[in-house]
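The values are calculated or read from the model by the stated rules, or taken from the named source; none is laboratory data. These numbers come from a predicted model, not from an experiment. Note that we place each Cβ from the backbone using ideal geometry, even for glycine, and neighbour counts take in every protein chain shown.
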Amino acid sequence: MSQQTVSSTEAPGAPRSGRLPKINPVFFVLAALLVAITLSNPNFVEPTGYMNFLKRAAPLAILAAGQIYVIVSGGFDLSVGSLITLTVVGSSMLLNNNADATWWVIPAMYAAGLAVGIVNGLVVSFLRVPSLIATLGMMITLNGAAFMWSSGSPRGYLPETFRFFGRVNIQGIPLIQFIPVALLVLLAFGSCLFWLMHRTNLGRMLHAIGDNPRAAQMSGVPLERVRITAFVVSSLSAVTAGILLGGFAGVSTDVGVGYELQAITACVIGGAQLLGGRGSVPASIAGALTLTAIFTLLNFIGLPKPVRDVVQGVILIVAVVLATYRRNRAGGT
Amino acid sequence: MNAATLIKRLPSRIERYSPALLLAAALLIYIAIALSLGLTRFLTPEAAISILNRSIALGMTAVGQTFAILVGSIDLSVAHLISASAVVSSAIMNGDPAMMVPAVLVVLLMGALVGTLNGLMITRLEVNPLIATLGMALVIQGCLASFHGKFGGSVPDAFQFFAYGVVLGLPFSLMVLTLVVVGAWVVLRFTRFGSNVYSVGGNRDTARAAGIKTDRVVIASHILCSLCASLAGLYLASRLKSGSPWIGTEGAYDLESIAVVVIGGTILSGGKGGIWGTVAGVIIFSLIDSIFNLAGVDAFAKQVMRGIIIVAAVAFYAVRSKRIVA
Amino acid sequence: MKRLLTAALSAALIASTAQAQQLNFDDPAEFARQRELLTARANGPDGEPWVQYYGDQMADTAKFKKEGPYTICFSNAGVNNAWRVTGWTNMQAEVKLHPEIKELIHVDAEGSDDKQISDIDDLINGGKCNALIVSPNTTAALTPAVEKACAKLPVIVFDRGVNTKCPVTFIHPVGGYGFGIQAGEFVAANAPTGANVLMLRIVPGVDVLETRASAAKHIFKEKGLNVIGEEFTEGDNAKTKSIVEDYLQRGKIDAVWMDAGATAVAALEAFEDSGLPLPVITGEDQQDFLMKWKAEGFKAIAPTYPTYQWRTPIIAAVKVLKGEPVPGPEWVMPQPSITAETLDEYVNDKMPPLHHAMCGCEKLPDYPAAWGGQ
Amino acid sequence: MSTPSPAIEMRGITKSFPGVKALKGVSFSAYPGEVHALAGENGAGKSTLMKILSGVYRLDGGAVIAGGEERLFTHPLDAIRAGIAVIYQEFSLLPERTVAQNIFLGREPTRFGLVDHAAMNREARRVLSLFGSAHRIEADTVVADLDVASQQLVEIAKAVSLDARVIVMDEPTAALNEAECEVLFGLVDTLKKRGVAIIYITHRMREITRLADRVTVLKDGETAASFDHVPEPDVIVRAMVGRDIGDFYAAPATPQEIGDVVLSVRNAGNERLTNITLDLRAGEIVGFAGLQGAGRVALAQAIFGFSPFTEGEVKLAGKPALFTSPRYAIRAGIGLLPGDRKAEGLVLMQSVTDNGMLTARALSALAGKADATPFASTDQMDGLLQDLDVRAGSFSQEIKALSGGNQQKAIVARWLALAPRLLIFIEPTRGIDVNAKAGIYHLMRDLARKGTAIMMISSDLPEVLGAADRLLVMRAGELVATFERGVSEADVMLAATGEEAVAA
């Protein structure tokens, strides 16, 4: 409505003063938090300190890196938490204490994730159910399915072959002594998703459909395919996170609870725009690390859980307010 | 009026009765299952009342959520507000009938405060409603947990009349819910504020251009939403004799109330829908619950089916629209 | 003005909640009673703790006598954790031992008080039930519904109780203090004097768990142990592991005390992954913990909250309907701990990791398949 | 005729948006009982001025004087209370609500505090009856069920029902046929007699001649001319355009330049179109005229596969071309520049380059490199944007800060990268200032010279007449006339409205 007049005058585009490389503030916040953690616990600079931190943050970071795909495309994926549960429970059921089965169980879980992502995408694209509701339904369904499958008590232990990814540290690395496999997984998965989002057509298409789906459609963007891909990426990241979490901590039936909201929170802290059009994979990963760092810090300084909830809530709101403020100040409508 | 416009207006007529259609379908399934299992006693008026009685808290919350969604917002903090209301009311009453009125007042005031804050964050700070209310939920949860081990207390027997009292053969709580529903209907249908809710939800710019103070409408809707949640909290405190800090979250009232509202045909982006759809949605949910209980479906399978039903019901409305959703 | 009012009200609120706080989970009399029961001898056949009971007070059930076959109804708080899953399987198997039971109608409240109240309502209005078994989701909340049910039919409550004496009997093991005492005393006896103890809790505010913690704290205080922290894990393995890792980074932990054993293995793995020797630990009878214990041979005890108590309500219900006396109004059953000496009886690598070994289910029909074993 | 004190006066109004100075000290007034026409090209600042008057925007400088005192409108409500009603160009109706609810939006009649639906419908019917029996609109119809003309009338009724002292009408006739226009003109006369001050925004000279008492022309955010009488149309036009029309449009195509048939449509139709038959040739710009809702956009969307033809035969370069989605149409070589750039064309939060690359990327493999598609690399795109003289601080800046003309050129670049056979321009110069307009016309001609078939849809009749080689007129979903270049505006209007007598 306003656009017509806003853009009326052909201003010779007073070129924006110097395009300084804009660094997402989340990185500064993360750095500050890490300094604070170090101050409250000097042992943090030891490899065990920061490596444990990274290892523990890896699942959420991967999840956020996947969730950002759906958020950039304009939606939400609430089903990731229960997909994590399904991955852990399902792996336990399929492995059935057989360590040699890992090689096919992991692909099988990825296949399940793929199916979940496709269904989410199809329901949103073709049944036109808003993703908030579609993935909420999926979340409830998957949770029920995980329990139904295992009758509430998953059958097998997760063998060391499976737990390798989430638990093992590779020793004997110069300088840093050791490196957790989970961190390697995060680096590999994260760079894949970075490349896909920021270097390929898919990434630009995701931004386009989140920014203005109608314009994207009129420009020939295959809306459905792109949207389904976003949900698939998110689901696959959930399976990956599930494998890491199962590896890190073993079988349990409520591993995934609450992860969906944490992942969205991480993306928001990373400056993603809800309802689409803006977001970055590294910033979302940084957002996840920030969130984990906040929890760790609050743990170290011995704040009780209630305070942690309040802090998380306040940070969430402040992050969004600041992002909005920055954008408004930067001009535009 | 030519043929083309007639064709165009036909679907919008059907759409208006879709919640009723869904409700009828659920009712039919219920009756069919009851008959096929030979459980005719589940088809009596008493059974109907007991089905309705299942969803008093959800009903109250959903009425409030309808306002939030109609105005183009959403409220994820209701579940925690319900817990907080139940805990605070039972802590203040602490078995003393004299404290009933102050407790109710404090709880409603708290609801109004939470609603106002939600509304202010959304309008003045321009925070996405999902994030604003999610943040609020976390803050409430934190405040609640900081009272952990200190809650206790219980409501006096007199207060339990709210949940268990019977007036003229009808449960008192059901009458309260009916009152809330009718009240909400009157507000939406017969007050200027109600019209404004639809207008702001339909198109905020248009509403503003027509001279509506849109921020106030959003804030007021959130206050109503929170008040309804507080009322639900009071009801639960009365029903359970005491408030526990997980009462709202264990009932998943945040997501369930949203699900019920959209199943009732109110669209998530706002401006279209209404209270009767929500009522239909609530009854559908209760019926589903009862159907599952009747048919002896186990809890996990029930969950699976409930998830599918939510999506299917919303798809039922949405699939015809040409609008792109995300 | 409004702000003032709010301030005043919140002050009043804090004052009144502070008062409510007096309802604490620290009852010295109960503590002493349970401490005694742990060493008392139970009545009933040896080796079948699910029909054993302390004391000799019996409930008269003649008025409930009825011709079979019976329909027994069960309002279950939920099957939302592994302990309840094992228990529920026990109960279903127990039913198979009683030909006089025609049907067990099971309604699952999915962890919601509100729903459970409706469920109980539906069950009694359905008019089909001869007896009602209730496993309440919350003590206070379910009291009115149970009272209502008592007026119509014999009610048997187990696991968590209700605040009324109206049920025929309330079946439960010794209790939370007992659990806390068993675990606390073991730690005190096996950790060095003045040892650092980390207390890992599930969530605050749950009565059974609060009493376990308060009992343990008593013992630790008594024996001069140093509690370095009390953390809530929400029963989440990953969170447990992270918390323990963080503590290990900052100092030494000699013993880990847990109010419930679900995440005991995760706590141990934190030590392993940090390359530290395993501490003195208290777990529970979950199979994964027992397996680990057996394999690594660390100092541990597994107090139990036995799942065999899920068999007893069925036994009791049948007795009640036959008019036979049952222990009542409370049926307190033994609550054994698994120790290094008895570990071999319970550890079983054929059973699933989250199976609770103290199930008394080994001789039940369909064992082990129905419990997920091989 | 005018009484001494103006009903509304605006003095030295200035207004800036980030990067744009939209109004540079404009003064304007309207007296009770007069029609003051406000003319100007699209984007001259008319709408901004009126949005300040109606409280949608806050002014940066200057003063608004209503009823003798200075007012600061911070919310539309302030303006409404001051007796100012606006009929917006973009419909501000809520599609899901009834006609009566829309008319009384935000000020529903109440009784005992409750909305009196009966009274509201009654009152709505009374207001609607002003339009006479020719055009019947039921008060309880849902607006979404109305056709475009009826919606425009509801919009007018909404303003009239306010009993305002000042009514602003922003191009109110765009969707109306001749009979409906006459109804509106009659209504304006009635309001005038009642002493209402009417600000009438239009660029149709005919309406200015028919209705106006005074005329003010805006150009580039400034008052270009102001007349206390109604001057000859060409005087107004010159003031609006600010230069000779001669070189404004590019030279027409010579017969040699017009090549083979690119698109041929035979007896095609769908829900909104009937029996469409036409040929579009390489090198030719074909203009489409008609009222709003006459089916021109529907035709473009049908060819483009957005709301496809359901019957008939379409061929693109000899091959069957009944596309069911824009993607297929684009692949086959059809491009479309939407009329509502913001809603359908731009991805506002993305960079200028990204907007230019959108289609090239959309047609490439999803996993392919975003910086080097088979159609264009980002470097080539930046070169193209430079060639089109897109002015931006940097092509990596978000496109939303650019002016309308530059945005439009970025969309043109999007299509140029694909070298389409047929390019459809819908309202190509909407919201674009005069100088940039000429640029767009010349660009269209250059494209045609390179062998592209161009379909041009515009509501600006002089523009279509000036820029097109051939003119097709649509009415009610049908093609009703074909004109060669040089036809008069009156003949086109006659065909478009289907009326017998047309005032010049």
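Worth a mention:
- Selection over segment C:259-280 of residues that are touching a helix residue (DSSP H, G or I) at 6+ places or on another chain (Cβ under 6 Å) and within 20 Å of C:GLN335 (Cα to Cα) gives a count of 3.
- Qualifying residue in segment D:313-326 (condition: crowded, with 17+ Cβ neighbours inside 10 Å, under 21 Å from D:ASP446 (Cβ atoms) and modelled with pLDDT under 95): no
- Per the conditions (1) closer than 26 Å to B:SER286 by Cβ; (2) more than 13 Å from chain B (Cβ to nearest Cβ); (3) crowded, with 23+ Cβ neighbours inside 10 Å, the sole criterion not satisfied by C:PHE74 is (2).
- Residue match in segment A:110-121 (condition: farther than 25 Å from A:GLN273 by Cα and either in contact with a strand residue (DSSP E or B) (Cβ under 8 Å, 6 or more places away or on another chain) or not hydrophobic (A, V, I, L, M, F, W, C) (or both)): yes
- Residue in segment B:173-185 that is in contact with a Cys (Cβ under 9 Å, 6 or more places away or on another chain) and either at the interface with chain A (Cβ under 10 Å from one of its Cβ atoms) or within 22 Å of B:LEU240 (Cα to Cα) (or both) present: yes
- Only helices (runs of 4 or more DSSP H) whose full extent lies in segment A:1-92 are considered here, and the ones with at least 3 residues that are over 29 Å from A:ALA188 (Cβ atoms) and at pLDDT below 95 are A:3-6, A:25-40.
- Members of segment C:293-313 found to be more than 25 Å from C:GLY178 (Cβ to Cβ) and away from chain A (no Cβ under 14 Å), listed by number: C:GLU296, C:GLY297
- Enumerated strands (runs of 3 or more DSSP E) restricted to segment D:267-362, each holding at least 2 residues that are touching a residue at least 40 places away in the same chain (Cβ under 8 Å) and not aliphatic (A, V, I, L, M): D:276-281, D:285-289, D:311-316
- Within segment A:228-253, the set of residues being within 7 Å of another protein chain (Cβ to nearest Cβ) and either under 14 Å from the mean Cα position of the chain (by Cα) or not polar (S, T, N, Q) (or both) comprises A:LEU245, A:PHE248, A:ALA249, A:GLY250, A:VAL251.
- All of B:ALA313, B:ALA301 fail the test of being hydrophobic (A, V, I, L, M, F, W, C), more than 8 Å from every other protein chain (Cβ to nearest Cβ) and outside any loop (DSSP other than H, G, I, E, B), apart from B:ALA313.
Yes or no, residue by residue, for (1) farther than 20 Å from A:GLN262 by Cβ; (2) at pLDDT below 90; (3) crowded, with 24+ Cβ neighbours inside 10 Å; (4) within 14 Å of chain A (Cβ to nearest Cβ):
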{"residue": "B:PHE67", "(1), (2), (3), (4)": "yes, no, yes, no"}
{"residue": "B:SER85", "(1), (2), (3), (4)": "yes, no, yes, no"}
{"residue": "B:MET99", "(1), (2), (3), (4)": "yes, yes, no, no"}
{"residue": "B:LEU108", "(1), (2), (3), (4)": "yes, no, no, no"}
{"residue": "B:GLY111", "(1), (2), (3), (4)": "yes, no, yes, no"}
{"residue": "B:ILE131", "(1), (2), (3), (4)": "no, yes, no, yes"}
{"residue": "B:ALA137", "(1), (2), (3), (4)": "no, no, yes, yes"}
{"residue": "B:ILE140", "(1), (2), (3), (4)": "no, no, yes, yes"}
{"residue": "B:GLY149", "(1), (2), (3), (4)": "yes, yes, no, yes"}
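- Yes/no for C:LEU290 being away from chain A (no Cβ under 11 Å), within 19 Å of the chain's Cα centre (by Cα) and either assigned to a loop (DSSP other than H, G, I, E, B) or buried (at least 23 other Cβ atoms within 10 Å of the Cβ) (or both): yes
- The criterion of at least 2 residues that are modelled with pLDDT of 90 or more and among the small types (Gly, Ala, Ser) is met, among helices (runs of 4 or more DSSP H) falling completely within segment D:364-464, by D:404-416.
- Scanning segment D:248-280 for residues that are of a type outside the set (Val, Ile, Thr) and surrounded by 21 or more Cβ atoms within 10 Å (Cβ to Cβ) yields D:ALA253, D:LEU263, D:ALA268, D:LEU273, D:LEU280.
- Residue within segment A:275-297 that is within 8 Å of chain B (Cβ to nearest Cβ) and modelled with pLDDT of 80 or more present: yes
- Restricted to segment D:157-247, the set of strands (runs of 3 or more DSSP E) holding at least 3 residues that are surrounded by 19 or more Cβ atoms within 10 Å (Cβ to Cβ) and either among the hydrophobic types (A, V, I, L, M, F, W, C) or in contact (Cβ under 8 Å) with a residue 24 or more places away in the chain (or both) comprises D:166-170, D:197-201, D:214-219.
- Residues in segment B:254-304 that are among the β-branched types (Val, Ile, Thr), more than 11 Å from the chain's Cα centre (by Cα) and farther than 17 Å from B:PRO129 by Cβ: B:ILE263, B:ILE283, B:ILE284, B:ILE288, B:ILE291, B:VAL297, B:VAL304.
- Set C:LYS96, C:LYS115: member being more than 14 Å from chain A (Cβ to nearest Cβ) and under 24 Å from C:LYS152 (Cα atoms): C:LYS115
- Checking each residue of segment D:130-142 against the condition of being within 12 Å of chain B (Cβ to nearest Cβ) and part of a helix (DSSP H, G or I) gives no match.
- Residues of segment B:211-253 classified as among the β-branched types (Val, Ile, Thr) and within 18 Å of the chain's Cα centre (by Cα), total: 5
- Evaluation of D:GLU123 against the conditions (1) within 11 Å of chain B (Cβ to nearest Cβ); (2) under 26 Å from D:PRO32 (Cβ atoms); (3) touching a residue at least 12 places away in the same chain (Cβ under 8 Å) shows that the sole unmet condition is (1).
- Residues within segment B:208-244 that are part of a helix (DSSP H, G or I), without any contact (Cβ under 8 Å) to a residue 12 or more places away in the chain and facing another protein chain (nearest Cβ under 7 Å), tallied: 2
- Within segment C:138-181, the set of residues being more than 14 Å from chain B (Cβ to nearest Cβ) and among the aliphatic types (A, V, I, L, M) comprises C:LEU153, C:VAL155, C:ILE156, C:VAL157, C:VAL168, C:ILE171, C:VAL174, C:ILE181.
- Residue that is surrounded by the fewest Cβ atoms within 10 Å (Cβ to Cβ) [pool: residues in segment B:1-45 that are basic (Lys, Arg) and modelled with pLDDT of 55 or more]: B:ARG13
- The residue pairs whose first member lies in segment C:20-38 and is more than 28 Å from C:ILE338 (Cβ to Cβ) and among the aliphatic types (A, V, I, L, M), whose second member is part of a helix (DSSP H, G or I) and at pLDDT 85 or above, and whose beta carbons are closer than 7 Å, counting only pairs six or more residues apart or on different chains, are C:ALA20/B:ALA91.
- Count of residues meeting criterion [of a type in the set (S, T, N, Q) and without any contact (Cβ under 8 Å) to a residue 24 or more places away in the chain] in segment C:205-241: 0
- Residue that is farthest from D:PHE425 (Cα to Cα), among those in segment A:213-224 that are in contact (Cβ under 8 Å) with a residue 60 or more places away in the chain and touching a Leu at 6+ places or on another chain (Cβ under 9 Å): A:GLU224
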